[in-house]
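Contents: one structure, followed by commentary.
The values are calculated or read from the model by the stated rules, or taken from the named source; none is laboratory data. All values derive from a computational prediction rather than experimental measurement. All Cβ positions, even for glycine, are placed from backbone atoms using ideal geometry, and neighbour counts span all protein chains on display. Areas reflect the complete protein model, heavy atoms only, side chains present, ligands, DNA and RNA absent. Shrake-Rupley method; radii C 1.70, N 1.55, O 1.52, S 1.80 Å.
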Amino acid sequence: MPDDLHFLDATDLAARLRRRELSAREVVQAHLDRIERVDPALNAIVTLDPEGALSAAAAADERLARGAAVPPLHGLPIAFKDTRLTRGMRTTFGSPLFADHVPDEDDLLVDRLQRAGAIRLGKTNVPEFAAGSHTFNPVFGTTRNPYDTTRSAGGSSGGAAAALAAGLQPLADGSDMGGSLRNPASFCNVVGLRPTPGRVPSCPSVNPWDTLAVPGPLGRTVADAALLLSAMAGPDPRCPVSLETPGEAFRVPLDRELRGLRVAWSPDLGGRAPCDPDVLAVLEPQLSVLEELGCRVDTACPDLTGADETFRTLRAHSFDLAFGELLDSDPQSLKPSLVRNIEQGRRLTAHDLVTATATRGRLHLDTVEFFSRYDLLLAPVSQVTPFDAELEYPREVAGRATETYLDWMRSAYLISVLGVPALSVPAGFTPAGLPVGMQFIGAPRADLAVLRAGHAYERATQHGRRRPELPAA
């Protein structure tokens, strides 16, 4: 068994499992051992079920031994985000109100991944109700960055990204409204895809017509993220916005010639998302990599007028829908920033919502027009590098003070409003050793094209191969 089994690519690990070079029990045990050794320094995995995982792994090995066909994620261990309902396993949402909550059903994504052969290890840490892009909560505390444990791992999928980067699991699920999947991927030097809305259906949902928040995959490579997407994606009648393309469409080779690709680079999204200089110092030299791959790179950006207001309006409305009853019943149990978001949603008028909807419609048409001229948009994932884990959020960005915990996330959430696929790919490190990600953004429904572009860049640079050095417990 390889000494670094916990850092094998998921695609490689899956192939070895199918060839019976490794057993699912060996793979699960190796990851459990890794969790025991290094997770105390990270606090990425907050609920763990070793016995259940090993029992499921034994059953997977037996199926393969009988000669039965095995699904694409056969034997791959995964800890689900602690906002995902998991039958018989605690799901807290990072809230004291749900500290002892044990669902009696799996949500759609959990069910799909387990049917695809994934082995449930446990749950990964989240901010309270997944609000914010720094992972801390009063139930489990703070998740720390594997590359510098004094720094944030991002959020809300911070536990997932940190566990992936540290070799605690080979794949991870995430979700993304305003960057909750992309920011932690950037902070932790892994890959995260915010898919086109509807690509990965979500159920249950307080608003099944919502397209601002989407589930998506995280992996240490683009190919690994595509493998997980292939098990996540596909229609479901319970999700009215789900797309008809089956998940198998993403289980294809990603190698593709990029010569002739028309690429737009926007370092600040038209002045709406200024970045710290240390972020741009890492990203700007990466443009030459795309040029060497044959791309034509221009500086350009779609018209994002109104995108900021639209995102904040729709987000506040969704928070009121999801958490308004909790505010009424137990306001003292919610963190102040969450209370403010719910109250903002309650102050919205019908005119506010109509205006946001109309603006989003115009933004969609402008985006379609932009991608008739460009194949790809590149931008920073995060406007800052991983910040002090003791802070709730960065206090300034590019020399400007932040007023709310959303202000430093514009480079991600402005893209969310557009309804397009966006991929965070490792793009290098600052002199202090902090990871920085590049955002690969494509036209609506062009998820596969985005994955292929990110894969080509990843192969040319290998930034994602740099592993964290973590002390053993």
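Checking Leu314, Leu280 one by one, the residue that is within 14 Å of Ser266 (Cα to Cα) and open to solvent by less than 50 Å² (accessible area, probe 1.4 Å) is Leu280 and no other. Just to be sure, is Glu36 surrounded by fewer than 20 Cβ atoms within 10 Å (Cβ to Cβ) and not in a loop (DSSP other than H, G, I, E, B)? So Glu36 fits the description; yes.
Can you report the number of residues in the range 317-338 which are in a helix (DSSP H, G or I), open to solvent by 50 Å² or more (accessible area, probe 1.4 Å) and out of contact with any Asp or Glu (no Cβ under 9 Å at 6 or more places or on another chain)? Quick ask: steps written out before the conclusion?
Looking only at the range 317-338, we keep the residues that are in a helix (DSSP H, G or I), and these are 317-329, 331-333, 336-338.
Remaining after also requiring open to solvent by 50 Å² or more (accessible area, probe 1.4 Å): 317, 321, 325, 328-329, 331-332, 336.
In the following step, the residues that additionally are out of contact with any Asp or Glu (no Cβ under 9 Å at 6 or more places or on another chain) were identified as 325, 328-329, 331-332, 336.
Adding up the residues that qualify gives 6.
Can you pull out the helices (runs of 4 or more DSSP H) entirely within the range 77-196 that have at least 3 residues that are hydroxyl-bearing (Ser, Thr, Tyr)?
none
For the range 349-397, the set of residues classified as in contact (Cβ under 8 Å) with a residue 60 or more places away in the chain, polar (S, T, N, Q) and either over 30 Å from Gly260 (Cα atoms) or out of contact with any Lys or Arg (no Cβ under 7 Å at 6 or more places or on another chain) (or both) consists of Thr367, Ser382, Thr385, listed by residue number. If you go through the range 283-297 and keep only what is hydrophobic (A, V, I, L, M, F, W, C) and open to solvent by less than 20 Å² (accessible area, probe 1.4 Å), you end up with Leu283, Leu290, Cys295.
Could you please let me know if Leu229 is of a type outside the set (Lys, Arg) and more than 17 Å from the chain's Cα centre (by Cα)?
On the way: of a type outside the set (Lys, Arg): yes; more than 17 Å from the chain's Cα centre (by Cα): no.
Taking the combined requirement at face value, the residue does not satisfy it.
Taking the options Arg259, Arg251, name whichever one is over 15 Å from the mean Cα position of the chain (by Cα), without any contact (Cβ under 8 Å) to a residue 60 or more places away in the chain and surrounded by fewer than 20 Cβ atoms within 10 Å (Cβ to Cβ). Of Arg259, Arg251, the one residue that is over 15 Å from the mean Cα position of the chain (by Cα), without any contact (Cβ under 8 Å) to a residue 60 or more places away in the chain and surrounded by fewer than 20 Cβ atoms within 10 Å (Cβ to Cβ) is Arg259.
Counting residues in the range 155-170 that are closer than 23 Å to Ala422 by Cα and surrounded by fewer than 24 Cβ atoms within 10 Å (Cβ to Cβ) gives zero. If I filter the range 439-456 for residues that are under 30 Å from Phe371 (Cα atoms), in a strand (DSSP E or B) and among the small types (Gly, Ala, Ser), do I get at least one hit? The answer is no; no qualifying residue exists. On inspection, Ala300 passes the criterion of being more than 18 Å from Gly132 (Cα to Cα), open to solvent by less than 50 Å² (accessible area, probe 1.4 Å) and of a type outside the set (D, E, K, R).
Is it the case that the range 208-224 has a residue that's part of a loop (DSSP other than H, G, I, E, B), β-branched (Val, Ile, Thr) and buried (at least 21 other Cβ atoms within 10 Å of the Cβ)? Checking the range 208-224: at least one residue is part of a loop (DSSP other than H, G, I, E, B), β-branched (Val, Ile, Thr) and buried (at least 21 other Cβ atoms within 10 Å of the Cβ).
Can you give me the number of residues within the range 360-398 that are farther than 27 Å from Gly155 by Cβ and either open to solvent by 20 Å² or more (accessible area, probe 1.4 Å) or assigned to a loop (DSSP other than H, G, I, E, B) (or both)?
Of all residues in the range 360-398, those farther than 27 Å from Gly155 by Cβ come to 361-362, 364-366, 368-375.
Still in the running and either open to solvent by 20 Å² or more (accessible area, probe 1.4 Å) or assigned to a loop (DSSP other than H, G, I, E, B) (or both): 361-362, 364-366, 368-369, 371-375.
Residues meeting the conditions: 12.
Does any residue of the range 412-422 turn out to be part of a strand (DSSP E or B) and under 21 Å from Arg315 (Cα atoms)? Yes - at least one qualifying residue is present in the range 412-422. Only a single item in (1) of a type in the set (Gly, Ala, Ser); (2) open to solvent by 10 Å² or more (accessible area, probe 1.4 Å); (3) within 21 Å of the chain's Cα centre (by Cα) is not met by Gly94, and it is number (2). Would you mention how many residues in the range 414-473 are within 17 Å of the chain's Cα centre (by Cα) and of a type in the set (Ser, Thr, Tyr)? Going through the range 414-473 one residue at a time, the tally reaches 2.
Residues considered: Val126, Val102, Val190. Of these, the only one that is open to solvent by 10 Å² or more (accessible area, probe 1.4 Å) and either more than 27 Å from Tyr457 (Cβ to Cβ) or at pLDDT 95 or above (or both) is Val102. Within the range 272-299, residues that are within 18 Å of Thr402 (Cβ to Cβ) have Cβ atoms under 8 Å from residues that are buried (at least 21 other Cβ atoms within 10 Å of the Cβ) and among the charged types (D, E, K, R) in these pairs: Arg272/Arg410; Ala273/Arg410, counting only partners at least 6 apart in sequence or on another chain.
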